[in-house]
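The values are calculated or read from the model by the stated rules, or taken from the named source; none is laboratory data. This one's a predicted model, so the numbers in the text were calculated from it and none came from an experiment. Here the Cβ positions follow ideal geometry from the backbone for every residue, glycine too, while neighbour counts run over all protein chains shown.
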Ligand SMILES: O=C(O)c1ccccc1NCC(=O)[C@H](O)[C@H](O)COP(=O)(O)O
């Protein structure tokens, strides 16, 4: 991975937003596939056009997927990477043998900043996915929204002091996600020093629709930080 903080714009639901994110300078785009608790989720069929588009390496986000469904997803979409929102060490071991050219990313969820964290458990998950052969981890926030637990797309920050330590000690490249937006992205990059940032709701006009102004404001801040 080249120097400078990478940017993944996630929760892309349509081709125009994929084009916009690429034109504004994002490095990756993310599409949530068949995730019941996401308002931005697409079926494999709906996601096909975005994965076939030429804009940016595209990551498929999945939750509690079977190996058979994972094979179907990979053969249909040919993603740059698969990002697992639930624990997936066993799937990663199997998938790496059959699809060595496809990156396997693991989301690791922390609670919102004002809640207690089980740090040894988080460190164990990092170790587990590293041993399994994952290429990258994403430290994201899980939170209860409107009565149900959401593993991503929450707009909530976790404890960035803790993430700073986790990133520093992580054996894999680590991205920061959760509640990043144009007004806090400079602090996120300068303080946590992640290999990349991953965001969704902070650059939207409404759920599932990206905002050109917010994307542009975000990328201006990222470029300033990357130039320091
Ligand atoms: O975006 C969603 O709707 C979503 C729902 C369930 C799981 C993951 C989801 N998005 C994945 C992402 O990678 C987001 O960029 C990440 O969770 C951060 O979201 P946000 O706090 O909205 O920036």
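Exactly one residue among 44, 12 is surrounded by fewer than 23 Cβ atoms within 10 Å (Cβ to Cβ) and within 14 Å of residue 79 (Cβ to Cβ), and that residue is 44. Being part of a loop (DSSP other than H, G, I, E, B) and in contact with a strand residue (DSSP E or B) (Cβ under 6 Å, 6 or more places away or on another chain) is the filter; apply it to segment 32-62 and report the residue that is modelled with the lowest pLDDT. My answer is 37.
Count of segment 97-116 residues, restricted to those that are under 17 Å from residue 165 (Cα atoms) and surrounded by fewer than 14 Cβ atoms within 10 Å (Cβ to Cβ), is 1. Residues of segment 87-144 that are in a loop (DSSP other than H, G, I, E, B), away from the ligand (no atom under 15 Å from the Cβ), in contact (Cβ under 8 Å) with a residue 24 or more places away in the chain and over 18 Å from residue 61 (Cα atoms): 117 alone. Across segment 145-166, the qualifying residues are those that are more than 13 Å from the ligand (Cβ to nearest atom), surrounded by 13 or more Cβ atoms within 10 Å (Cβ to Cβ) and free of Cβ contacts under 8 Å to residues at least 40 places away in the same chain, and the one among them that is farthest from the chain's Cα centre (by Cα) is 165. Restricting 29, 65 to those that are away from the ligand (no atom under 11 Å from the Cβ), touching a helix residue (DSSP H, G or I) at 6+ places or on another chain (Cβ under 8 Å) and either at pLDDT 95 or above or part of a strand (DSSP E or B) (or both) reduces the list to 65.
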